[in-house]
Every structure is written in structure tokens, then in C-alpha cells.
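Asker: This is the structure, below, for whatever I ask next.
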Amino acid sequence: MNGYDVAPVDVAIVGGGPVGMWLAAELHRGGVRPVVLERRAERPPYSKALTIYPRTVEQFAMRGLVDRWLAEGTPVPSSHFALMKNRLDFSFLPTRYPFTLFLPQRRTEELLEEHLAELGVPYLRRHAVTGLRQDEAGVDLDVDSPGGPMVVRAAYAVGCDGATSVVRAAAGIDFEGTPDTWRTILGDIELTDPPQAPALSLNQPGGSLYMVAIGSGRYRLAVIDHATLHDPLDKPATFAELRASALRLAGTDFGMRDTPDAWLSMVGNAARQAARYRAGRVLLAGDAAHIHYPAGGQGLNLGLQDATNLGWKLAAEIRRWAPPGLLDSYHVERYPVGLDVIDDSLAQCGLFANPTREGVALRDRFNVVLGEHPSLCRELAVRLSGLGIRYPAPGQELLVGQRVPDLDLRGAPGTIFGLLPPAKFVLLKLDSTAAATRQPGQEGFPDRLDTVTAELAGDNPDWACIRAMLIRPDGYIAWATAADDAPPLARWFGPAS
């Protein structure tokens with residue numbers, strides 16, 4: 001396949017950022033043919049996002065890739081809510097990765113593009129999608145390519161093309177919510193007198209400041225300066241303004257240097273969500289489906305988790321073994337998660353972007369409450385980490401819909417996450433009397449299910465009663481039993497082959 005002759009594919013992914021690339025990898029694991037169409041000729045030198053939370057790190061671990069991120073990212077064992085002085089400790093979280101991992105988005109994109117190359121997934125630059133049409137059998141995408149206008153035919157199309165999504169508009173999906181009413185400035189700046197810690201947050205009567213090291217003497221600096229919060233929305237970001245805000249809020253500019261490679265941007269508080277994540281054969285993920293002020297740096301994680309949820313479901317639909325309603329469950333499961341993050345961001349904005357006396361008093365009072373109630377800090381930490389996400393299940397059956405932790409198993413492959421790189425369902429039978437075995441296809445579904453018999457290692461009182469569980473490809477529990485019940489495989493796969 002080349003840029004001038006794109007054969008029909010299963011899924012055309014519009015947008016080659018981290019969400020689009022991760023979705024492409026997940027679809028490839030599911031046994032279908034994706035292509036990534038990216039309008040830009042090259043990757044921007046700056047990074048919009050930096051923050052990778054524990055659940056996203058776990059997703060990389062489930063595919064056997066986590067060491068690539070851990071080798072380069074900076075782990076910080078805490079985070080914040082609304083830049084409060086009382087930080088959220090992550091060390092208690094029930095995961096092997098109880099920290100925030102800081103790594104510039106550009107490097108995450110490079111790692112993902114390298115992974116796509118390993119898989120042989122085509123990634124086509126300078127392929128700008130300008131419109132699309134869908135029928136009962138597929139989607140035709142109009143593409144401006146280096147060789148001129150062309151049409152790409154795919155069974156499905158997924159818009160991962162950001163807040164101004166061409167795919168979302170062409171599919172007629174409303175982007176509901178509120179526009180920017182204020183903006184703040186952020187930048188990647190070289191500092192000669194940085195703080196000692198790799199991350200710093202300040203919350204002052206005149207606003208807030210956040211800073212994190214991104215390597216080579218450079219820092220991401222974000223200011224919410226009440227003195228400039230309501231300046232004209234079209235006012236450009238300048239080094240002088242960023243420096244003045246830092247001096248007002250921190251009493252120092254940390255030795256900022258206005259270098260040629262400094263990057264500045266204005267960030268607004270628009271909060272919008274696609275009314276539906278699916279319109280026929282067109283779906284949305286990442287910023288194409290939801291945008292919000294980057295309070296806490298949740299956007300990248302939300303988008304990558306969209307992709308993990310969608311990938312196996314769309315692959316199952318294309319391969320014709322998906323049960324009725326499976327693809328629609330993408331919207332059912334992910335829309336509430338997106339809305340929750342939007343509301344969380346709005347709540348944080350209400351605390352740090354309200355310059356009135358009432359707003360300052362509310363922020364100060366909330367900070368005191370955080371300091372006096374560790375349970376609230378723990379609850380906020382769990383929500384921010386992504387570990388607490390649970391998808392709805394009929395009757396809220398035992399463990400169904402919650403994430404499976406990476407528990408140790410006695411015998412190979414060592415842990416539960418070690419079972420998940422193929423992105424298949426796993427039927428894990430917990431039997432203390434049998435040796436650990438892996439039996440691909442023993443249940444009659446060789447292309448979509450692995451069966452493993454093993455014993456839990458270590459002390460796991462919360463899981464001691466579980467005799468078996470069916471784990472979805474995205475690491476959530478589809479079924480579990482404390483008895484000797486047979487798994488409801490037909491509910492997920494239909495008749496055995």
C-alpha cells in the first residue's frame with residue numbers, strides 16, 4: 001500500500017495522534033486491517049499532553065509494552081485536584097504503577113509509531129480527509145493526498161481528528177456543550193533557576209501555577225492568572241505575559257529564557273461532548289468525541305482508554321462474531337466516562353479560575369477539607385487514576401464491569417496481564433490443585449479466547465472466593481463465579497466453531 005493507491009481496508013482511522021495510533025494497534029491485534037490517515041507532513045515539535053495515569057500505564061502493560069514508557073517517563077507518586085496545596089497521594093493505589101508518569105506526548109507518539117511499524121500497520125502522512133459518505137456496506141472517504149484527490153473505501157471509519165473533527169461534522173454528530181469564556185497561557189520554557197522537585201503546584205489568592213520538568217532543562221509551565229483570565233480570547237500568547245504571570249503568582253520567573261525553541265499556547269475552557277460516539281459506520285474517539293480544559297491532564301488518558309474499549313469491539317463486528325449490541329456498547333460505556341471527566345474538569349475550573357472573593361474563599365475552604373479528610377483525597381486519587389472505572393452490567397453481577405488487577409499467578413506466564421498481549425478474551429480458571437496451563441481454543445473459539453488454569457499467588461483476600469472469570473480483551477471482567485458455573489460464552493461469541 002502507498003500514498004497513491006490505497007486498497008479497501010477494514011477501518012480507516014482519521015488522525016494519526018496517540019489515540020488514532022493506539023486504536024490502529026488494537027484493531028490489528030483484533031485481526032482486522034486498519035489504515036491511519038494523517039493530514040500533517042510531520043509531527044509538531046511541541047507536546048500538548050504530558051500526563052499518563054495508572055490505568056493507561058496498565059493498558060500498555062497488558063500489551064507487553066510498558067517498559068518502553070517506564071524507561072523514559074518520570075514517575076511522580078502524587079497528583080493534585082484543582083492545584084490544591086494538599087496533594088493526592090497515589091502510593092496506596094492497588095496497581096503495580098501507583099504514580100503519575102510524565103512523558104511528553106511527542107515521545108509517546110514516536111513510541112506508538114514505532115510500534116505500528118513493527119506491526120506493519122500503514123501510517124500515511126499528508127493524507128487529509130475532507131469529507132465522507134456512508135452506505136449499508138461501508139464508508140467512502142475523500143482524501144487529499146500527495147498524488148492528488150482520492151477516495152478510500154473502508155468498512156468503518158473512526159474520527160480521531162481532534163476538536164475540529166472533519167469526521168464528526170461529516171457524520172452529522174452534534175458537539176454539545178459550552179465555548180471558551182476565558183483562556184490561560186502555558187509554555188515549554190527553559191529555566192535556569194527551576195524548583196527542586198520535578199513537579200510544582202502553587203495556589204495563591206491571585207491564581208494558580210503548575211510546573212513539571214520535561215527534560216533537557218525545559219519545563220512545562222501553566223498559569224491561571226486571575227489578572228489576565230478574561231483578556232480578549234484572540235489575544236496571542238507571549239513570553240512576556242507568561243513571565244509576568246509567574247512573577248505575580250510565584251514571586252520569581254525561575255530564570256526563564258526566551259529561546260528560539262520555546263513553545264507557547266493559549267488554552268480555553270470550552271467543554272463539549274459528541275452527542276453520540278457512533279453514527280452508523282462512523283465512530284469517534286479522543287478529542288473528536290470530547291474536549292475540556294486540561295485540569296489534571298486527563299485528556300490523553302481518556303482518549304487512549306476510548307481506543308482500548310473500541311478496538312476489540314469493532315474488530316469483533318468486522319469479523320462477524322460480535323453479539324448484538326456489542327459495538328453500540330462503546331457509546332454506552334465510554335460516554336458516561338467522558339462526561340465524568342468533563343464535569344471533573346469543570347469542577348476544578350470552578351475552584352481555581354474564579355477570581356471573586358467567593359471563589360477564593362471556596363478554594364481555600366476546599367483545600368482545608370482535603371487536608372482534614374484523607375478519605376476524600378483517596379477517592380479523588382482513585383477517580384483521577386482511572387482505576388475506579390466500572391462499566392454497567394445487568395444486575396451488577398459479581399465483579400462484572402470492573403477492571404481486573406494484575407494479580408500474580410503461580411506458574412507461567414506470571415501475572416494476569418501476561419495473559420492479555422494477544423487482545424483475546426481469557427477464561428481464567430482458578431484451581432489450587434492443578435498445574436498452571438494455557439489452552440488456546442479449548443472452548444471452541446480458537447481465534448478469540450484463551451483458556452488458562454492457574455492458582456493465585458500471594459495473599460488476595462478480595463479474590464479468594466473466585467473460582468473462574470472471563471476477562472475481556474480490554475482488561476475488564478465480563479463474568480465471574482464463586483461456584484462451578486459454566487461461563488456464558490455463547491453470550492459473547494455465539495455458537496462455537
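Asker: Counting only residues that are closer than 13 Å to Leu384 by Cβ and part of a helix (DSSP H, G or I), how many does segment 74-121 have?
Answerer: So the count comes out to 0.
Asker: Check off (1) assigned to a loop (DSSP other than H, G, I, E, B); (2) over 21 Å from Ser345 (Cα atoms); (3) over 18 Å from the mean Cα position of the chain (by Cα) for Gly16 and give me the number that stays unchecked.
Answerer: Of (1) assigned to a loop (DSSP other than H, G, I, E, B); (2) over 21 Å from Ser345 (Cα atoms); (3) over 18 Å from the mean Cα position of the chain (by Cα), only one is false for Gly16: (3).
Asker: Which count do you get for residues in segment 317-338 that are surrounded by 15 or more Cβ atoms within 10 Å (Cβ to Cβ) and part of a helix (DSSP H, G or I)?
Answerer: So the answer is 10.
Asker: Would you check which residues across segment 116-162 are within 16 Å of Gly280 (Cα to Cα) and out of contact with any helix residue (DSSP H, G or I) (no Cβ under 7 Å at 6 or more places or on another chain) and list them?
Answerer: Listed by number, the residues that qualify are Arg133, Gln134, Asp135, Glu136, Ala137, Gly138, Val139, Asp140, Leu141, Arg153, Ala154.
Asker: What are the residues in segment 290-316 that are of a type in the set (A, V, I, L, M) and open to solvent by less than 10 Å² (accessible area, probe 1.4 Å), if any?
Answerer: First, pick out the residues of segment 290-316 that are of a type in the set (A, V, I, L, M): 291, 295, 300, 302, 304, 307, 310, 314-316.
The answer is Ala295, Leu302, Leu304, Ala307, Leu310, Leu314, Ala315, Ala316.
Asker: Going by what's in this entry, would Gly386 be described as modelled with pLDDT of 95 or more and open to solvent by less than 50 Å² (accessible area, probe 1.4 Å)? If you could, list the steps in order and put the result at the bottom.
Answerer: Values: modelled with pLDDT of 95 or more: yes; open to solvent by less than 50 Å² (accessible area, probe 1.4 Å): yes.
It is true that Gly386 is modelled with pLDDT of 95 or more and open to solvent by less than 50 Å² (accessible area, probe 1.4 Å).
Asker: If you don't mind, there's one more thing I want to ask. Does segment 208-244 hold any residues that are more than 28 Å from the chain's Cα centre (by Cα) and small (Gly, Ala, Ser), and which are they?
Answerer: Result: Ala227, Ala240, Ala244.
Asker: In a strand (DSSP E or B), surrounded by fewer than 18 Cβ atoms within 10 Å (Cβ to Cβ) and not aromatic (Phe, Trp, Tyr): is that true of Pro149 in this structure?
Answerer: Numbers: in a strand (DSSP E or B): yes; surrounded by fewer than 18 Cβ atoms within 10 Å (Cβ to Cβ): yes; not aromatic (Phe, Trp, Tyr): yes.
Criteria met by Pro149.
Asker: A further question on this structure: Just checking, which of Glu26, Glu42, Glu58 is surrounded by fewer than 21 Cβ atoms within 10 Å (Cβ to Cβ) and acidic (Asp, Glu)?
Answerer: Residue meeting the stated conditions: Glu42.
Asker: On the basis of being open to solvent by 20 Å² or more (accessible area, probe 1.4 Å), at pLDDT 95 or above, aromatic (Phe, Trp, Tyr) and over 30 Å from Ala199 (Cβ atoms), does Tyr156 make the cut?
Answerer: Values: open to solvent by 20 Å² or more (accessible area, probe 1.4 Å): no; at pLDDT 95 or above: yes; aromatic (Phe, Trp, Tyr): yes; over 30 Å from Ala199 (Cβ atoms): yes.
It is false that Tyr156 is open to solvent by 20 Å² or more (accessible area, probe 1.4 Å), at pLDDT 95 or above, aromatic (Phe, Trp, Tyr) and over 30 Å from Ala199 (Cβ atoms).
Asker: Out of Leu27, Leu103, Leu83, Leu37, I need the residue that is closer than 16 Å to Leu300 by Cβ and among the aliphatic types (A, V, I, L, M). Which one?
Answerer: Details: Leu27 fails: closer than 16 Å to Leu300 by Cβ; Leu83 fails: closer than 16 Å to Leu300 by Cβ; Leu37 fails: closer than 16 Å to Leu300 by Cβ.
Matching residue, one of Leu27, Leu103, Leu83, Leu37: Leu103.
Asker: Exactly one of these conditions fails for Ala393: (1) open to solvent by 50 Å² or more (accessible area, probe 1.4 Å); (2) at pLDDT below 95. Give me its number.
Answerer: (1)
Asker: I've got another one for you. So which residues in segment 41-73 are within 12 Å of Tyr97 (Cα to Cα) and part of a strand (DSSP E or B)?
Answerer: Result: Ile52, single match.
Asker: Something else about it: Kindly establish whether Gln348 is among the polar types (S, T, N, Q), under 21 Å from Ala199 (Cα atoms) and touching a helix residue (DSSP H, G or I) at 6+ places or on another chain (Cβ under 7 Å).
Answerer: Values: among the polar types (S, T, N, Q): yes; under 21 Å from Ala199 (Cα atoms): yes; touching a helix residue (DSSP H, G or I) at 6+ places or on another chain (Cβ under 7 Å): no.
No; evaluated as a whole, the condition is false for this residue.
Asker: Sticking with this one: Looking at Ala274, Ala285, Ala289, Ala262, can you tell me which residue is in contact with a helix residue (DSSP H, G or I) (Cβ under 9 Å, 6 or more places away or on another chain) and at pLDDT below 95? Spell out how you get there, then give the answer.
Answerer: Details: Ala274 fails: at pLDDT below 95; Ala285 fails: at pLDDT below 95; Ala289 fails: at pLDDT below 95.
Checking each option against the conditions leaves just Ala262.
Asker: On the given criteria, is Tyr293 under 18 Å from the mean Cα position of the chain (by Cα), farther than 30 Å from Pro446 by Cβ and either in a strand (DSSP E or B) or not aliphatic (A, V, I, L, M) (or both)?
Answerer: Spelling it out, Tyr293 is indeed under 18 Å from the mean Cα position of the chain (by Cα), farther than 30 Å from Pro446 by Cβ and either in a strand (DSSP E or B) or not aliphatic (A, V, I, L, M) (or both).
Asker: For Leu427, all conditions in the list (1) modelled with pLDDT of 90 or more; (2) open to solvent by 20 Å² or more (accessible area, probe 1.4 Å) hold save one; what is the number of the exception?
Answerer: Tallying (1) modelled with pLDDT of 90 or more; (2) open to solvent by 20 Å² or more (accessible area, probe 1.4 Å), Leu427 fails exactly one: (2).
Asker: Only one of these is under 30 Å from Asp261 (Cβ atoms), among the polar types (S, T, N, Q) and at pLDDT 95 or above: Thr184, Thr178. Name it. Steps first, answer last, please.
Answerer: Numbers: Thr178 fails: under 30 Å from Asp261 (Cβ atoms).
The unique qualifying residue is Thr184.
Asker: Take the conditions more than 22 Å from Gly138 (Cα to Cα), of a type in the set (Ser, Thr, Tyr) and either modelled with pLDDT under 95 or open to solvent by 60 Å² or more (accessible area, probe 1.4 Å) (or both) and apply them to Tyr53. Does it pass? Let's see the steps before the verdict.
Answerer: Values: more than 22 Å from Gly138 (Cα to Cα): yes; of a type in the set (Ser, Thr, Tyr): yes; either modelled with pLDDT under 95 or open to solvent by 60 Å² or more (accessible area, probe 1.4 Å) (or both): no.
No, not satisfied.
The values are calculated or read from the model by the stated rules, or taken from the named source; none is laboratory data. These figures come from a predicted structure and were not determined experimentally. Positions of Cβ are backbone-derived with ideal geometry, glycine not excepted, and every protein chain shown enters the neighbour counts. SASA here: full protein model, heavy atoms, side chains in, ligands and nucleic acids out. Shrake-Rupley method; radii C 1.70, N 1.55, O 1.52, S 1.80 Å.
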